[in-house]
Amino acid sequence: MRKTCVFPVITLLILAIVNALPSGSYVHFILIINYGNGISAPYCKYVKVRQVSFNLTAPLGVTLFNATLAMAKVTYRKGVYGIYITSINGVKERILSSKEGYSWLWYILDRTTGRFVLGPVACDKYVIKEGDVIMWKYSHWKF
């Protein structure tokens, strides 16, 4: 028996009508969610999703936190330094010990080096800029 899956075409919009905004009042950016080893796709149990990428347009002043909320199911907690993401689309932080675990960390593409670097502030403190390429990555950490 052949197993097939239908992949829906999903159009994701943060803005209802981008053309209604005056020129220069919005930013274009790319948001990537990297699941590490992958998660089962909700629409097909035979497929593993490792990474998704969104090419987005949003109003000036949008934070990474707001953009992430618009594109994914997110759980988080508020801390002294800002909002800390604990789960994206059901993939939860896993603390294995006080010295090892898996957490959601965000990175931004450094255009001078061509490499992703760890985000400098909490996601609710980072205001997205024109042309940013931002990646949430389910990262293994160890001390």
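The values are calculated or read from the model by the stated rules, or taken from the named source; none is laboratory data. In this text, all values refer to a predicted model and were calculated from it rather than measured experimentally. Here Cβ is always computed from backbone atoms with ideal geometry, including for glycine, and neighbour counts include all displayed protein chains.
Listed by first and then second residue, the pairs linking a residue in the range 54-73 that is without any contact (Cβ under 8 Å) to a residue 12 or more places away in the chain and within 22 Å of residue 84 (Cα to Cα) to a residue that is part of a helix (DSSP H, G or I) and of a type in the set (Asp, Glu), with Cβ atoms under 8 Å apart and 6 or more places separating them unless they lie on different chains, form an empty list.
Scanning the range 99-124 for residues that are more than 17 Å from residue 75 (Cα to Cα) and in contact (Cβ under 8 Å) with a residue 24 or more places away in the chain yields 99, 100, 101, 107, 108, 109, 119, 121. Here residue 61 clears all of (1) assigned to a strand (DSSP E or B); (2) on the phi > 0 side of the Ramachandran plot except the condition numbered (1).
Let me confirm something: among 88, 39, which residue is over 30 Å from residue 24 (Cβ atoms) and within 12 Å of the chain's Cα centre (by Cα)? Can you show your working first?
Values: 39 fails: within 12 Å of the chain's Cα centre (by Cα).
Answer to the check: 88.
Look at residue 70 and say whether it is in a strand (DSSP E or B) and surrounded by 15 or more Cβ atoms within 10 Å (Cβ to Cβ). In short, no.
Comparison of 126, 107 shows that the only residue that is aromatic (Phe, Trp, Tyr) and over 17 Å from residue 35 (Cα atoms) is 126.
Per-residue answers, yes or no, for (1) among the aromatic types (Phe, Trp, Tyr); (2) exposed (fewer than 15 other Cβ atoms within 10 Å of the Cβ); (3) in contact with a Leu (Cβ under 9 Å, 6 or more places away or on another chain); (4) at pLDDT below 95:
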{"position": "64", "(1), (2), (3), (4)": "no, no, yes, no"}
{"position": "77", "(1), (2), (3), (4)": "no, yes, no, no"}
{"position": "81", "(1), (2), (3), (4)": "yes, yes, no, no"}
{"position": "90", "(1), (2), (3), (4)": "no, yes, no, yes"}
{"position": "103", "(1), (2), (3), (4)": "no, no, no, no"}
{"position": "107", "(1), (2), (3), (4)": "yes, no, yes, no"}
{"position": "112", "(1), (2), (3), (4)": "no, yes, no, no"}
{"position": "135", "(1), (2), (3), (4)": "no, no, yes, no"}
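Checked against (1) basic (Lys, Arg); (2) more than 18 Å from residue 62 (Cβ to Cβ); (3) touching a strand residue (DSSP E or B) at 6+ places or on another chain (Cβ under 7 Å), residue 125 meets all criteria but (2).
In the range 108-143, how many residues are at positive phi and touching a Gly at 6+ places or on another chain (Cβ under 7 Å)?
Step one: filter the range 108-143 for residues at positive phi, giving 114, 131.
From what's left, touching a Gly at 6+ places or on another chain (Cβ under 7 Å): none.
Looking only at that region, the number is 0.
Of all the criteria given as (1) assigned to a loop (DSSP other than H, G, I, E, B); (2) touching a strand residue (DSSP E or B) at 6+ places or on another chain (Cβ under 8 Å); (3) not aromatic (Phe, Trp, Tyr), the one not satisfied by residue 134 is (1).
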